Amino acid sequence: MVPLDTDDLLFRIRGGLYLDGILNKTDENGIKGGMSEAIKNLIAKVNSQSFVLFGWESSLYVWPKSHSNTLPTELQEDSTCKSILKLVPIEVNDYLKRIPARKSVKIKPLKVVNLELLFELTRPDVFEIVTIHNDKNSRIHFRLILPVDVVVFANPEDEWGQLQEQFVKAVSAQLYEMDQCIQRFTKGKSVPIPQAFHFELPESNALTTVIYPAGYTEKDLEPLRKELHHKFSLQDKPYLRRSMAYSFPNDDLSNKYLKTIHKYIPSPSSDEFQVFVVYGSYTFHHYLQDDINDGGWGCAYRTLQTILSWYNHQGYINVPIPTHEKIQKILVTAGDKGPSIVGSTDWIGSFEIRSVLNSFGITSKIMNIRAGSELVLAARELAEHFEVQGTPVMVGGEPLAHTLLGVAWNEETGAVKFLVLDAHYTGEDDWASVIDKAIEWKDEDFWDPLEPYNLCLPQRPQGV
C-alpha cells in the first residue's frame, strides 16, 4: 500500500471519559446490562450541550451541539473546515517535504487536527482500572475510564457547521462499538477495557477503526479479526493486528528507527513491469546504529534485525530486536558457531540468518544462486514470495549482505529490477538521506555476475 494520500483534513478526537453506573445484579448478564445502560447515558451526554472539544495548543473551545465556540469571529457556521488551520496547530509529516523530489512519490502529507474531549476530563493514558463498590442498598456502583480515540475525515472546503454534527455522531458511534466490545468479551465478573485502533486498508484513503479489548492476545482476537476480514473483503494476511495500527505523524517523529521507507519511493512503470514488494511494515537497520561500529562486517546482522522487525510489526512475535552479541549467542546455543564468535566481528550469512530466525519460531527457505548473473532467473520465484509471503529477503554474497524488498518483472522480456535496502548505509537516520542513499530499484548488473549468492526467504505464519 502507498502512504495515506488525501487532501482531506483528519480531525482526531481523544480523551478519557468516565463511565459511571450501577449494577443491580453481579452476574455476567447483570454486569453487561449495567455497562450497556451506562454507555447509553454517556452517549446521551455526548449529544448534549455539555459535550466540549478543545483544540490542542490553542484557545479554541467548541460546543458541537450548540454550534458555538470561543473564537466566533474566526470560525463561523459557514466557514470552511480549513479555517481551523489558522487556529489550531496541525500535526503533519514535515520530513516528507525534505525527501528529494526525484526519488519520492508525490503524496500530500496528512494534516491532523487534534481535538480533546473536555467534559469529565481525565488522563487518557490511565484506563486499566475498573472500580466497583457496594452501597448501603446492596447495589454496586462502578466507574471506569473509556479511552476515546475517534478520527473524522473532512473536505477542507466543507462547512464547519456540518462538521460539528459529524463529531457528535462519530464519538457516539465509537461509544456504541465500545459497548459491543464489552458485551462480547465480558466473562463472569471480568470486564475488559475497550481500546480503539486505526488501520490503513487497501484501496482506501481513510482509516478504519477497530475496537479491541485490552488484555487479550493476538491469538485470542483472531476469531474477531476473521469476521472483520470477511466484512471488509480482506486477503488472508494480517491487516488488523494491533501492532499494525496507523502511525500518526507525531508517532513517526518519536520512532528511533525509520519505518517502511520503501513506501515513499516510486515503483518502476506498471506499463513495463509487474511489481511485487514486501507487505506491511518494518524498521530500517544499518551500519553504525545503536553506537555499534560494525562497518565492514555487520551487514547481515542488520539485515536480520530488519527482518525481525517485520515480524514484530505484523504481530507475529513481540521481542526486542537482538543485538549483534545476542545474535552470536543464539548461534552458539544452536550449535552453528563456536563460543569464540561472541563479541567478535565475524561475518554471518544466510544459513546463520535462518538459524536465528528458527530460534524465534520462524521458518525459512534457502535459495542458492550459482552466480549473480543468474539472479534474474529467480524473478518468478521471488515475485511469488513477495506476493504470498510478503517478508523481506536476505541476499548474502561474499562478503556483502543486502535486504531485498521487492522485484519488478517483465515476464515477456525477462527484464528484472530489484528493490534493495542497503544495510551498508552509514549516515544519520534522516528520511531525506536514507531515501537518497540507502534504498533504490537496482538493475540486474547490480549483482556481481560471477559471485554466488544464497538467499534466505523467511516464511509467513498462517493466520490473520
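A few notes on this one:
- Where Thr306 falls short, out of the listed (1) in contact (Cβ under 8 Å) with a residue 40 or more places away in the chain; (2) closer than 30 Å to Arg12 by Cα: (2)
- Subset tally (residues that are open to solvent by 40 Å² or more (accessible area, probe 1.4 Å) and either without any contact (Cβ under 8 Å) to a residue 60 or more places away in the chain or outside any loop (DSSP other than H, G, I, E, B) (or both)) for the range 414-429: 2
- Remark: pairs (first residue in the range 361-382, at pLDDT 95 or above; second residue among the basic types (Lys, Arg); Cβ separation under 6 Å; 6+ apart in sequence or on different chains) = Ser364/Arg354.
- Which listed residue is under 30 Å from Asp251 (Cβ atoms) and either outside the structural domain of Ala438 (by the TED database) or of a type in the set (A, V, I, L, M) (or both), from Asn41, Asn93, Asn29: Asn93
- Within the range 209-228, one or more residues are assigned by the TED database to the domain that holds Leu115, of a type in the set (S, T, N, Q) and within 18 Å of Pro147 (Cβ to Cβ).
- Qualifying residue in the range 65-74 (condition: surrounded by 15 or more Cβ atoms within 10 Å (Cβ to Cβ), among the basic types (Lys, Arg) and more than 27 Å from Lys189 (Cα to Cα)): yes
- Single unsatisfied condition, Pro223 versus (1) over 28 Å from Ala379 (Cα atoms); (2) at pLDDT below 95: (2)
- Taking the range 393-408 as the range and being open to solvent by 10 Å² or more (accessible area, probe 1.4 Å) and either without any contact (Cβ under 8 Å) to a residue 60 or more places away in the chain or not in a strand (DSSP E or B) (or both) as the test, the residues that pass are Glu398, Pro399, Leu400.
- Among the residues here, Ile22 qualifies as in contact (Cβ under 8 Å) with a residue 12 or more places away in the chain, in a strand (DSSP E or B) and surrounded by fewer than 14 Cβ atoms within 10 Å (Cβ to Cβ).
- Hey, Glu411 assigned by the TED database to the domain that holds Leu308, part of a helix (DSSP H, G or I) and in contact with a strand residue (DSSP E or B) (Cβ under 9 Å, 6 or more places away or on another chain) or not: no
- Criterion violated by Ser83 - all others in (1) at negative phi; (2) exposed (fewer than 13 other Cβ atoms within 10 Å of the Cβ); (3) modelled with pLDDT of 90 or more satisfied: (2)
- On inspection, Ser267 passes the criterion of being surrounded by 14 or more Cβ atoms within 10 Å (Cβ to Cβ) and in a loop (DSSP other than H, G, I, E, B).
- Checked against the criterion of being over 17 Å from Cys456 (Cβ atoms) and in contact with a helix residue (DSSP H, G or I) (Cβ under 6 Å, 6 or more places away or on another chain), the range 369-388 contains one or more residues that satisfy it.
The values are calculated or read from the model by the stated rules, or taken from the named source; none is laboratory data. These numbers come from a predicted model, not from an experiment. Neighbour counts run over all protein chains shown; Cβ positions are idealised from the backbone, glycine included. Quick note on the areas: whole protein, heavy atoms, side chains included, nothing else; ligands and nucleic acids left out. Shrake-Rupley method; radii C 1.70, N 1.55, O 1.52, S 1.80 Å.
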